[in-house]
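First the structure, in the form of structure tokens, and then the observations on it.
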Amino acid sequence: MSRKKTERDAGPGTGGGAGQPDLFGGAGDAPAGISPSGADKAAPSGPAPLAFSFSKLSMYEECPLKFKFKYVDKLPEKPKPYFAFGNSVHAALEFFHDPAHKEAPPLEKLLAAFKEEWDSRDWREKGYGDPFRSDADYQAGLKMLTGYYRKHHAAFAPPFLVEYSTDVEVDGLMVRIIADKIEHAGGGELTLIDYKTGKDVRRSPDQLHMYQKICELDPALREKLAERYAVPVSAVRVKELRFYHVPTLKEYSFPRADDFAIGLFWERVLRAAEGVRERRFPPRPGDFQCRFCDFRSSCPVHAAEPARAPDGLAELAGEYEAARAKADALRIKLIAALKAVPSGSVQAGPFSLALKNGPRWTFRDREAVISLLREHGCYDRACAPLLSRVAELVDDESLPEEFRRSLRLLAEPGGAADVEVRRRGE
Ligand code: SF4
């Protein structure tokens, strides 16, 4: 079924897929001696072509330093749930539109293809924080694909190709594309379709411009056309470009890009490639790209910042603070209640309660005590025991809440007296 892909050409912030040639033209993880499909292979001499893709262009334009961290230094990234979700939906649609299918496969098989890819990794490996969110996305994927099936199964027609991956050498670059679906309109004219599974439906067709250029240069595609439709094809021509937004089942169609538009786009590609070749990797900080950047801890722009707190930590700390304050207040109430019991211990319901420390001395003439302590240089040493009384102020509702809250923040469990609470029989 589906080739396993760690990432797809899905737009800014994404990277190239597994098996992509090394940045400067190596064969990536392809077995030795096997060259990438359909490409005009690297010349025997001269500089190796630079491996490039739309993802690489997007990332270099977004932040060259981020590009370096990912593609040159190969720093690890966190798994992203949206990649897992996108990969599973793509795998299901790859199965559904397999050109070998003469008619639409049943819905159950489409959903099974989604499940198979989804189950290939657990929720942590997919980058989810908990299994519930992972399951919610799984259910959303089933619903999405069911909608897709209902809309399209009746008019099903096998396409020319699905998940067509090719590397083509052009202008010193080895450019990789992975086209989700290619339909043949007749006479060597093609429609290129790219599925999108994210929330954002507004897209410029830049990615499809790259696909158009590469498809029209790709000799393997010409051969496949001739093979499949038994007609000689002198040239492949892209007629239409389409994004298909799976969550809303809407298509966004663009006419083929003219030479001027392709030329402008290609200038951007060559400019970015030149930056990579010359190893120009300045940081380009920005709210959006830095917020979602996995490399912040390695980035000099953010070196002086304190470490970013993990998600949910502030809420957890707030809950802990409130629970601790409540526990402290209850402890003080228990102590006060137990102090009224002559023995300092009592049975209450299923509990046995006891003051852990015996009664302390009390001093009625505060001024006289302070004066005596000062006279003998013991005042500072005696301050600490006196703090034990401060805890009672925390529970004194006649005092301002803000003062008591500040006091709670300074307080720690412990003190002169404590209480032990046990269930009887323990
Ligand atoms: S943190 Fe921002 S500036 Fe630094 S590498 Fe990432 S995107 Fe670039």
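Quick one: in the stretch 67-87, of everything that is hydrophobic (A, V, I, L, M, F, W, C) and away from the ligand (no atom under 16 Å from the Cβ), which residue is nearest to residue 300 (Cα to Cα)?
My answer is 83.
Could you check residue 188 against (1) surrounded by 14 or more Cβ atoms within 10 Å (Cβ to Cβ); (2) under 34 Å from the mean Cα position of the chain (by Cα) and say which number it fails?
Unmet condition: (2).
Residue pairs, Cβ under 6 Å, 6 or more apart or interchain, first in the stretch 49-65 and touching a residue at least 40 places away in the same chain (Cβ under 8 Å), second within 16 Å of the ligand (Cβ to nearest atom) and among the β-branched types (Val, Ile, Thr). List them.
55/14
Out of the stretch 264-302, which residues are away from the ligand (no atom under 14 Å from the Cβ), exposed (fewer than 12 other Cβ atoms within 10 Å of the Cβ) and within 15 Å of residue 69 (Cβ to Cβ)?
Within the stretch 264-302, just 279 meets the criteria.
Filter the stretch 194-238 down to the residues that are acidic (Asp, Glu) and crowded, with 22+ Cβ neighbours inside 10 Å, then identify the one that is farthest from the chain's Cα centre (by Cα).
218
Collect the residues in the stretch 156-193 that are among the charged types (D, E, K, R) and touching a strand residue (DSSP E or B) at 6+ places or on another chain (Cβ under 6 Å), keeping them in residue-number order.
Scanning the stretch 156-193 gives 167, 176, 180, 181, 183, 189.
Condition first: crowded, with 17+ Cβ neighbours inside 10 Å and closer than 22 Å to residue 218 by Cβ. Now tell me which residues in the stretch 245-261 satisfy that.
Scanning the stretch 245-261 gives 254, 256, 257.
For residue 241, work out the one condition from (1) surrounded by 10 or more Cβ atoms within 10 Å (Cβ to Cβ); (2) assigned to a loop (DSSP other than H, G, I, E, B); (3) away from the ligand (no atom under 16 Å from the Cβ) it doesn't fulfil.
Of (1) surrounded by 10 or more Cβ atoms within 10 Å (Cβ to Cβ); (2) assigned to a loop (DSSP other than H, G, I, E, B); (3) away from the ligand (no atom under 16 Å from the Cβ), only one is false for residue 241: (2).
Does any residue of the stretch 318-326 turn out to be in a helix (DSSP H, G or I), more than 10 Å from the ligand (Cβ to nearest atom), surrounded by fewer than 14 Cβ atoms within 10 Å (Cβ to Cβ) and of a type in the set (Ser, Thr, Tyr)?
The answer is yes, given that some residue of the stretch 318-326 is in a helix (DSSP H, G or I), more than 10 Å from the ligand (Cβ to nearest atom), surrounded by fewer than 14 Cβ atoms within 10 Å (Cβ to Cβ) and of a type in the set (Ser, Thr, Tyr).
Which of the residues spanning the stretch 49-66 are away from the ligand (no atom under 12 Å from the Cβ), part of a helix (DSSP H, G or I) and of a type in the set (Ser, Thr, Tyr)?
55, 58
In the stretch 84-122, which residue that is out of contact with any helix residue (DSSP H, G or I) (no Cβ under 6 Å at 6 or more places or on another chain) and acidic (Asp, Glu) is surrounded by the most Cβ atoms within 10 Å (Cβ to Cβ)?
The extreme case among them is 94.
Read the figures in this text as sums done on the coordinates, not as results from a lab. Every value quoted in this text rests on a predicted model; they were computed, and no experiment measured them. Neighbour counts are summed over all protein chains in view; Cβ atoms, including those assigned to glycine, are modelled from backbone coordinates with ideal geometry.
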